């Protein structure tokens, strides 16, 4: 009896590999229960909900300003997910497939891309809590301690206007909120406007980035500090079949798709200025999370760093903060005196930039 062709092929070449499901992701092994719970929350957040998208689009039909800021950010994220899933999910596969299997892209849906571009610009506007903010970052496994066990505060490794390197986040930090038992409870998007200082728990230097790191968030506006888990990887990473995106080590530990150029990224008021300032593209990303340091003048900005490489991020008060006085009072500062200091510092920076521009 001649064996059936599928059975013969299976005996010769082994069983066929199951089709990859980029909406479910691979099975994960070797993770603790807390990490698995947090990953489940991330995957739920970063899975497109068409009903939620339709509801928010309906509320925003008269304009994005009809939504409060958190809902506007959520709509923007859902638009990004809809862009990934369009046309059979070709962009999703381009983002999440193994490097050797990523499809060639011939074009992206312009209406969907324009919707993403519009909501990004809205979220980057001056009144938005999700716009880039001036900040300072310290890199390394943890803060240095001298022989006397007293903290030695070094100069920051990066400073400038900070924005998240992913189109989905902009001026927001993704965290896992914890319940009273310190178990993962939900995903939250903390606006940069609400963060004074983020202090990440020390990590072993030279090791691959863990899935999450505990962190203390010192909040603005007199709000109590919080203990959260900070994901080192984008939530979309857990749908990926490229091992490097999951391992968090090496050159292939991050990848992006659907880049969108946002002229005047550091300051939207400069989008029609000459020069326009930072013109780099932001994309929907998987793998390790990266923060960008922007520039009002340099088109490629001032650099970037992986969140996994940092142990502290502090964000400053801007003179054009819509809630400047509230923010000062939350820090125990006099608003008028602080505004004078901030204005003087801003003028000094502007003078230095003008002098540098004249030298070019």
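If you take the residues in the range 169-186 that are closer than 23 Å to residue 290 by Cα and not in a strand (DSSP E or B), which one is modelled with the highest pLDDT?
This residue is 169.
Hey, can you tell me all the residues within the range 79-124 that are more than 14 Å from residue 258 (Cβ to Cβ) and either part of a helix (DSSP H, G or I) or touching a helix residue (DSSP H, G or I) at 6+ places or on another chain (Cβ under 6 Å) (or both)?
Of everything in the range 79-124, those that are more than 14 Å from residue 258 (Cβ to Cβ) and either part of a helix (DSSP H, G or I) or touching a helix residue (DSSP H, G or I) at 6+ places or on another chain (Cβ under 6 Å) (or both) turn out to be 88, 99, 100, 101, 118, 121, 122, 123, 124.
Of all residues in the range 324-338, count the ones that are surrounded by fewer than 18 Cβ atoms within 10 Å (Cβ to Cβ), under 22 Å from residue 160 (Cβ atoms) and at pLDDT 75 or above. Break it down stepwise before answering.
Restricting attention to the range 324-338, the residues satisfying the condition of being surrounded by fewer than 18 Cβ atoms within 10 Å (Cβ to Cβ) are 324-326, 329-337.
Checking which are under 22 Å from residue 160 (Cβ atoms) leaves us with 324, 331.
From the residues that got through so far, the ones that are at pLDDT 75 or above too are 331.
The total comes to 1.
So that you can scan it fast, the table gives a plain yes or no per residue for (1) surrounded by 15 or more Cβ atoms within 10 Å (Cβ to Cβ); (2) in contact with a strand residue (DSSP E or B) (Cβ under 6 Å, 6 or more places away or on another chain):
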| position | (1), (2) |
| --- | --- |
| 111 | no, no |
| 131 | yes, no |
| 163 | yes, yes |
| 176 | yes, yes |
| 184 | yes, yes |
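Evaluate the range 208-224: report whether one residue or more is farther than 30 Å from residue 324 by Cβ and modelled with pLDDT under 90. I'd like the intermediate steps shown before the answer.
Just the residues of the range 208-224 that are farther than 30 Å from residue 324 by Cβ, to begin with: 208-214.
So of that shortlist, the ones also modelled with pLDDT under 90 come out as 208-209.
Yes, some residue in the range 208-224 is farther than 30 Å from residue 324 by Cβ and modelled with pLDDT under 90.
Return the total of residues in the range 22-60 being within 18 Å of residue 240 (Cα to Cα) and not in a helix (DSSP H, G or I).
So the answer is 13.
Mind telling me which of the residues 261, 292, 254, 242 ends up being within 23 Å of residue 127 (Cα to Cα) and at pLDDT 90 or above? Can you show your working first?
Values: 261 fails: at pLDDT 90 or above; 254 fails: within 23 Å of residue 127 (Cα to Cα); 242 fails: within 23 Å of residue 127 (Cα to Cα).
Residue meeting the stated conditions: 292.
Answer with yes or no whether residue 105 is under 19 Å from the mean Cα position of the chain (by Cα) and in contact (Cβ under 8 Å) with a residue 12 or more places away in the chain. Give the derivation first.
On the way: under 19 Å from the mean Cα position of the chain (by Cα): no; in contact (Cβ under 8 Å) with a residue 12 or more places away in the chain: yes.
No, not satisfied.
Can you find even one residue in the range 13-23 that is surrounded by fewer than 10 Cβ atoms within 10 Å (Cβ to Cβ) and modelled with pLDDT of 95 or more? Talk me through it step by step, then tell me what you get.
If we filter the range 13-23 for residues that are surrounded by fewer than 10 Cβ atoms within 10 Å (Cβ to Cβ), which is where we start, we get 13-19.
Of the ones still in play, those that are also modelled with pLDDT of 95 or more are none.
No, the range 13-23 contains no residue that is surrounded by fewer than 10 Cβ atoms within 10 Å (Cβ to Cβ) and modelled with pLDDT of 95 or more.
The values are calculated or read from the model by the stated rules, or taken from the named source; none is laboratory data. Keep in mind it's a predicted model, so treat the numbers as computed, not measured. Please note: Cβ atoms are built from the backbone with ideal geometry, for glycine as well, and neighbour counts cover all protein chains shown.
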